[in-house]
Each structure stands twice: as C-alpha cells, then as structure tokens.
Amino acid sequence: MSCPPSRSLSAISSSRATMVSHKEFVGAGKTPGLQVWRIENLDLKPVPKALHGSFYTGDAYLLLFTTSAPSYNIHMWLGDECSQDESGAVAIFATQLDDFLGGGPVQYREVQNFESNTLVGYFRSGIKYQKGGVASGFQHVVTNDMNVKRLLHIKGRRAIRATEVDMSWSNFNKGDCFIIDLGKDVYQWCGSQCNRFERLKASQVAIDIRDNERNGRAKLHMVEEGEEPAAVIEALGPKSTIAPGTDDEKVDTSNRKKGALYMISDASGAMKVSAVAPSSPFKQAMLSAEECYILDNGVDRNIFVWKGPKANMSERKAAMSAGQQFIKDKGYSNKTQIQVLPAGAETTLFKQFFIDWKDKDETTGPSKAYTIGRIAKVEQVPFDASTLHSDKAMAAQHGMVDDGKGKVQIWRVENGAMAPVDPSAYGHFYGGDCYLILYSYRLGGREQHIIYTWQGLRCSQDELAASAFLTVKLDDSMGGSPVQVRVTQGQEPPHLMSLFAGKPMIIHSGGTSSKGGQSQTSSTRLFHIRQSSSRATRAVEVEASASSLNTNDVFVLKSPKAVFVWRGMGASDEEMAAAKHVVGFLGGSAAQVSERKEPAPSPTTAVHYLATKCVDTVKHRQETKWFMPWGPDQCDKIRTFDEAMAKKIEANNIVFAVHIPLSNKEMSAWFQFMLVILQFDIAFKMYNQIEDGALVTIDVGLAYRDDTVSEWTEMAHSYEQRKLSCNFTTTKTFENEGRYYECDLLPFMEVGSVAHKYYLLNIRLPVNERKKVNVGIGEIKDIRLVSIHQNGGFTKVWFAMKTFLTPSILIIMIWYWRRITLMSRPPVLLEKVILALGISMTFINIPVEWFSVGFNWTWMLLFGDIRQGIFYSMLLSFWIIFCGEHLMDQTERNRFSVYWKQVGPIVFGSFCLFIFDMCERGVQLTNPFYSIWASDVGTELAMAFIIVAGICACLYFLFLCFMVFQVFRNISGKRTSLPAMSRARRLHYEGLIFRFKFLMLVTLACAAMTVIFFIISQVNEGHWHWGEHTVEVNSAFFTGIYGMWNLYVFAIMFLYAPSHKRYGDEQSSGQCITGDAGANSGEDIQLTTTITHVDGPTEIYKMTGKEAQE
C-alpha cells in the first residue's frame, strides 16, 4: 500500500542544490542513540521514541544511529508496499543527512524482511511490522520475533570468505569456523576439522568486529567444537548433530568468484560504472581516494558502495542511487542490501574481499583493542593508584574505576538462588561454582555499582543459566543502575582482582565452596601467582607439572610432605608477598626455591585425573564403542548423578571415561611404565551407607591409539573387585549428609611399557541388587585416578649412565680375569666371588631398556626386578664371604661350603622375592588390572613381605657389622708383630692395615645405603597403603646408589686383582712374617695394597690366613 505524495519528487530533487540541510537535521547526531524519521508527504517527520521498532509496510523510514565515539550509521528502510516516490525521497534525505554529517556515516539500504543485523540490533524486543501506511493509519499489527544476533560462516583454504547465515545449528559443520556475534560477546567457534587458515581468518574477523564494529568494547571468546558455553547454547538453542565438513578447495574456487569490483565515475559528464577487477581477492591499492567504487557481492545479496575521501561531491552523493541502479542492471533481487561506506568506516564483511587490507593502527592479536574516534595515538600510561580518579587515561587503560576499596558483597549460585559467601572466604573462587560480586563505590558524590558475574569452568549448565538470571534480577532490584560484567574463570579483569584488601584472588581449578559439597582435593597442587598491570595479584591453580612454570612469575607447590615457593628470575616482590597468603591458606611453612636451584626431582611423575561421566544410550556397547571425555567424538556427558536421576538414566548406563594423558599432551615411550591408582569420592547418606567389607565391582576396559583420528584398539578388559576402606570422621547424622568419606587409595592398573601416545580407560560400576553387586558401597559421586610414570628426562639420564658404565665395568672385569689366569696357582674363593660380583653388576648395567623405546616390551618391569634380585643376592653374599675370608680365626678357607648357613638364607630370600614378583607382575603381563593388593590375603601377604624383608635386611646389616668388628679385632691383634720388623717392612704393613680398615668401613657404608635403599624402594612401591605417610625417592638418591654400586665393584676388582710378580725369597717360600726379616731382600716392597702374594690376592689375605696363626 502506498501513500499519495503531497508534492512531487522532482521538487525535492531540484531543491537539493539550494537546500543546505533539512530542519530535522539540526539535532541529528548531537547525542548518542537512535533517531527515526518517517517519510510523510515526501517530507521527514520524527517518530516518537516509544514507537521505535514499529514500521508500516507502506512507508519508508530514515534512521540515524550515533555512537559515543562519535560515528554514524544511516539506514533507509523500505516497506514492501512503499511507493517509488517515497523510496526516492528517503534516498535523497539520506544523502542530505550524509552531507550534513560530513560524509562520514556508513549508509545502509534496508528492505522489509531482509534487514541487516546492524539495524535489527537496535531493537531489543525485535521489529514489529504494521499493515498500512501514512494514509491508512493504524490497522492490524503483526509481531515478528526476529533474533537480534548474527552468525558468520568462515569457509575456505586460501580464498576465505565470511558469509552471514541464519542463526541455527543446522548451518554449522565440523570443517569450518563460525563467528557467533552476540553484541557484547563475540565467540569464535572452530570445528574439529577446520584448517589453520580458517582459524586465522576467523580470528581476524572477530578482532575486526570487536575493534571497529563494537568500538573495542566487545569481548572475544575462543570456543572449540564440543566446548560451547551456556551463552552460545542459549543463543542457538539445544545443540543438534554437527554436519561433517565440505571440500575447502571447491569452496575456494567459489569464494574467488564471489566478488567483483567496479568504479563509479562522472568524468564523461554522465555517471558510469566500469569494471576494475572481475573477481576477488582484491588489493587495497585498487581503491583510489579520488573515486567511488561498487563491490559486487550479489550472490550473497550484498552490494557495497565505497566512497573515496577525495571523490567529487556529485559522485559521493550519487553513491546510493548508483548502487540501486547497479542492482537493476544486474537483475539482482530487490531485497539485496546496499551499504554505503565512507573511507575509514569499512565493515568486516567488506574488508574480507581484500587480500592485504590494513586499518590504521590495527591490532595484531586479541589482547588489545583498536580504538576508533579522533585520537591518533594512545600512549601507555603506567598504573598509579593515587591518580586513579584524576588520570582518566590511566584508569581507562588498566580497566580500573577506582582503587578497589569500596564495599564488596559476594553470593554463590546454589540451587538456583543466591547464597551469601562468608566474608572470611572472600577472594577464594572455585571452578565448580558461579559467583555474583556486587561492588559499590562513590564517584563524584554519587554511589556507583558494578555486578561481576564470575563463572567457573567446571560449573553446571544450570548454574550458568541461574547466574545470568540472578544477575539480571539483582540489577533490576537496584533500578538498573549497576554495570554488569561477566567474567569467565581465568579471564579476571584487574579491577576485580583488586577488591580483596590487598590479598591475592585465589582461583581453585575445581571443587565448590558450598557447605558439605567439597570434594577431596589433590594431594599435589600448584598455584600460579601473577601480578596484573594494576599491581593486583591473582593465584590460579594450574596443572602440577614442570611445563606450567614461567620464569616471570611465582608458583606455590603443595606436595603431600611439604610446601614450596618457586620464584622465577623475573618475578616481583609483590608476587612473593602474595605467595605468603597462598601458603597460609594451604597450611604449613614453605621452603623457598629459586629458579635453576631446584632440588633433584623425583624419578617419577604423578598426574591426577577426574573421570568424566558419559551416558551409554545403547547398553552393552563396550566391545564396539569407546567413550571419549572430550574432543570431537566426545560422549554425551552428565555432571552429577542427580542429573542422571532427573533424566532417568540408569547406573548401568553410566561410563566413567578417563583419557591419559591430559588434553594437548602425549605419552612417551621414555615414560617406561604406567601405574594407575584409584580413589572414589563417596558422599555420606543416612539411607545409603558403606557396609563393612564392601566390595566394588569394576568393569574396566583399556584402549590405545597413536593419533587423534584413528579408532581405539582394545588393549585389555577385565572385571575386578576392590575392597573399600573408608572412614567418616564426623557424626553420622542427617545434618552431615553430603559430606565425603575419607577413603584409602586403591591399586588399579600397571602397564610395563608406554608404547603408545594415547590411552583411554572406560570404567563401569555394574549394579545388580539380586546378586548384591555394587550394593552397600555408598553414594559414589566421582572417580579419581592418579597416573604415575617415570620422568622422561630421568629415563634418558638413566640410560646414559648404563650405556657408559657397562663397557667400563666390562673392561675392568676382563682385566681382572686376565690377571687371575696369569697366576701359576688356581684362583681362590675370594677371587671367584669378586668375578661373580662383576658379572652380576654387568648384567644389571646392560642397557636393554633402549629397546623398550622402540618395542612394546611389557615384561621390562619384571625383567628389571629379576636383574636387581640377582645383583642383590650376589652383593649380599659377597660381603659375607669377603669378611669371612679375612677372619683370622677362620679354620677353613677357600671353600664355599663353609658359608652355606649365611648364603643359604640370602638365596632363599631372593627366591621368595622372585615368586612374590611373579604373583603380581607376572600376572599383569596378561591382565594389567590385576593386583595382589586387591584381596585381603594378598594385602596381608604383601605387607608381611615388606615388613619381614625390612627386618631381615636390618638383621643382615647387624650381622655384617659383627663380622667386620671381628676382622678389625683380629687385624689389631696382629699389630703386635710389627715392632719386631725392620722400619721399612713395618711401615709397609701399617699402610696395608690402614687401607684395609678403610676399605672395610667403605663396605659397611655401602651395605648400609643398600639396605636403606632396598627398604625405601619397597615401601615406595606400596606407599598408597601407608595412608598419608609416603616416602619419596628423588633421582639424585636413586642414581647415587646405582653409581655407588658401580664404583665399589670397580674398586674391589682393582684392589684385589692378583699379581704374577714375585717379591724376594721370603714371599717365594711362604716364610712367616713374624720372624726377624730385617735383612731380607723383601724389605724394599712397595707400600701399596696392589702388591699380591702367590698364595692369595693380597698380603692382608695371607697375613690373616691359617699360616699366620701358626
């Protein structure tokens, strides 16, 4: 329906040359906001603010939106039933308004039902279409629930394009990136199969939207497929199945043809359009400042008209009409949108067609925003709290409205309501919660308010939705005056960090602060302390790994036994002061460690995992399907069992999934082995308590793969039982329901090699009430796993030591045996035992572990235990024989049968150790989930072995000390013979005795360290059964003991290698040394223990023998 014009269109057109501006333009653009005029009788009539958003389908409208920068958008809205005169009139008025505002506005041609998202965004309640026009008045009203958001599709490989599509999950696919523009928040969503070019282009588009279309005020969010936040789900609705990606190469070809560039010129006296480039991409240099251009994107129903800053007035004014004529000439739909863009106000969709587009002072990343307006350069101002209110530039740069000393109130979102947080806990935020922080301060004599909505990364969807609702509710209760700021965990602004009276803001990775809802924290935690530009500090819990450390910051590490404060080389004193608050919260006193002065690390690393609860929609699919906790093929998840009950999901359909290692990491063959320990988080319920002797039945499967796209291959599957040992430390009353039991750690899995990059555990807890399976085990809330593996760096050091020591010991052993074969006599027992000790040392030294890096040798742990057992038995037997052969009161020497009472128990103990090892690690070769600790009998047997082994080791050491004492006593008794000798011979034997005593003391020290190491290593292997009392063996101790063994064996073979030389007649005849041999030719014997006798390896050996006693 059209309205009859009151005067001709030609009259308006002819008056343009003389009319400077319309009277309605006097107040245009003076204040930020929206102004709307309607064409009535070919004149402008303002539309009351209350009617903004209501459009008559028979009319044309002119809209002006002014920002605070200021910048301007001019929109011409044409109803479906608008007359040609009205559409022409609104075009003329738009040109006049553009002239009035200096030619700087961006012009849009809007058509009913095809409005741009820019226009739609002005009206929160949507646009209402009303039938009729000026002449017909008010008639039937039709409400159109149009969405005020937009979705951009980023597609291509080299010729990448951003295309606006409908806001629907149906437009998403796995192979592309999308920009979900929600006004204040811009989300970059990347599919699991998108390429890196699309990621880069999406980042550029998102940054440009923030910098240029939102004046730097929007916040960017990076979202991966499968990790969509609540705001995205709320905007797009429930997520449906994402379609697979399409061929980027084909899209590239299509994208290259989507744009064409034309120049508008009146040089010939008439307005003409000439082609510049037939297809995109274009170069920015193609745009001349003296001309106007049309960028044809008609295939996407978009036409852009670019006005050069130095173009003549006639060309600039004819831009819109030229665009309309271009649509007609091309035969495009009359619904095609036209955007008139002055230089410097180009939109993101326009700039994407240029391969080298550069904005003035544009940003290079998402960290800092490009500011539009009149300021050419913004200098960086250092933060100074004393000038916070007087220095507005400094306050704006650092996001600080004041010094943070106002009033703070904090609520936690709990059960859909606001639960006040105890003021003593202010500053602590848990990743499983959402919080509302109301900050009140005075500025200019008026009270101002800010509402921070803090959302943890592990909070539930219900809590996310409730936090948004409660924020609006709190804002409404205060008359809409507060400023609302949504904060995601890890993205806290400096001002929020400064609200806690000089203390750091402490952010826990998970858990909750609600009463009785706390889950058990990890025994090892790492907090990253960092200072912001405003000097506020934040302590964020991060993964307890060396890769988390940063040389510029401070970290607080809490281990089961100690607390450490690690200071990087670039850390500040303020960060160290904040560390004291974190240490005070964690408890205990901390040891300060500076970068590059760290103590020796443990040879193993422990990584903590929280199992993800997956829903198996089809029962019994363990053989055909594996459940992934995250990634593109992630399972359908639930957060709590309450959610499962609400959705009527049975316990048998819940699968606990754990991916090893954590995301973005890989396992390595250098890790050598993988030990996994299990712990249940069990909540106390009066009606569902843990029964005495409760057994948990576990249906567990282990799979592996070596890349992120292959199918999982099953490695093992088993049904296991573990006995719960839990203690509830408080009174069992209804008031204490929901609190957690304290449960012991349970052995779960051990793999003898780490030959694959990724492992996946799927754990089920099958329930069968008739068979009493998993009945009476309490209310299990979560399953936690601790994966322990050898450090890759330690493995390399260990391999290098073995590689170096093996040939060293082998060479000295060959030299030692050659010295024995040169003797005319047969080797004595002590020489044979020393050779056997060297062989056993060589056997344990051989670096066969190198092969485990390339082969899946799961028996390496068992083989290592066997080698170590052989060496232990040989070393312990050697010390008994070594001392026994040097006892002066030994009646029978050089006979192994004499030592069967001492060596027999050693051999028997070593055999028992082998049987015990075969009972566990031998079975684990076929079933890695088997554990001798799982049953009562096995646990008692294992504990008895550790205790008995420790006692026997101590008794052995005491017996060895007794034997050494006897040797010392008898050697001291023979010193009475020395005064009768000549001076040279006396000095010689005094030197021998001194060196021998020193060797025996070294033997005792070596034996003591070996016994201690044996006990500690046995306790360390079963440390989860000792409660909180754990023993940690660092790499320095481990490699030190190993090096000590090699040095000791090396020294023994060198010192006790026999000599084929003969020294004087006395030695040749075996004459007793107690005679007066002062004139004997042997008095000039060298004073060294390497001088040997034909009857034995050393003179000390001969001196302590039977002949000496006679």
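For Asn312, what charge total do you get from the other residues with a beta carbon under 12 Å from its beta carbon, if Lys and Arg give +1 and Asp and Glu give -1?
0
Residue-wise, which Karplus ³J(HN,Hα) couplings in Hz belong to region 796-802, taking 6.51 cos²θ - 1.76 cosθ + 1.60, θ = phi - 60°, and x for glycine or proline?
Rounded to whole hertz, the list is 5, 5, 4, 4, 5, 4, 5.
Would you mind counting up the charge near Thr842? Only other residues with Cβ under 11 Å from its Cβ, with Lys and Arg at +1 and Asp and Glu at -1.
Its environment carries a net charge of +2.
Provide the FRET efficiency to the nearest 0.05 for the Asp476-Ile951 pair, computing r from the beta carbons and using R0 = 56 Å.
Here the calculated transfer efficiency is 0.15.
So who's got an amide H within less than 5 Å of the one on Val276, skipping anything under 5 residues away but keeping other chains? H placed 1.01 Å off N, in plane.
For Val276, the qualifying residues are Leu261, Tyr262, Met263.
Quick one: in region 400-514, what % of C-alpha pairs are over 25 Å apart?
In whole percent, the share of Cα-Cα pairs in region 400-514 beyond 25 Å is 15.
Check which residues have an amide H placed less than 5 Å from Met505's amide H, if you skip close sequence neighbours.
Amide H neighbours of Met505, under 5 Å, 5+ apart: Thr537, Arg538, Ala539.
For the pairs Lys201/Lys307; Lys45/Lys184; Lys407/Lys685; Lys901/Lys997, note any where the Cα-Cα span goes beyond 29 Å.
Over 29 Å Cα-Cα: Lys45/Lys184; Lys407/Lys685.
Could you put Met860, Met841 in order, starting from the residue whose Cβ has the fewest other Cβ atoms within 10 Å?
Exposure proxy ranking, most exposed first: Met860, Met841.
Decide, for region 815-971, between rounded, prolate and oblate: order the square roots of the alpha carbon gyration tensor eigenvalues as a ≥ b ≥ c, take rounded if a/c falls under 1.5, and otherwise choose prolate if a/b is larger than b/c, else oblate.
Verdict is oblate for region 815-971.
Once you sort the root eigenvalues of the Cα gyration tensor of region 522-589 as a ≥ b ≥ c, which label holds: rounded (a/c under 1.5), prolate (a/b larger than b/c) or oblate (the other case)?
prolate
For Trp626, enumerate residues with amide H under 5 Å from its amide H, sequence gap 5+ or separate chain, H modeled in the peptide plane.
none
Listed here are the pairs Lys149/Lys328; Lys174/Lys335; Lys558/Lys580; which of them are more than 22 Å apart at the Cα?
Lys149/Lys328; Lys174/Lys335
Give the shape of region 150-245 as rounded, prolate or oblate, defined through the alpha-carbon gyration tensor: a ≥ b ≥ c are the square roots of its eigenvalues, a/c under 1.5 means rounded, and otherwise the shape is prolate if a/b is larger than b/c and oblate if not.
Oblate is the answer for region 150-245, as a/c is 1.5 or above yet b/c matches or exceeds a/b.
No lab work stands behind these numbers, since they all come straight from the coordinates. In this text the structure is predicted, and so the values were computed from the model without any measurement. For neighbour counting, all protein chains shown are included, and Cβ atoms are generated from backbone atoms with ideal geometry for every residue, glycine included.
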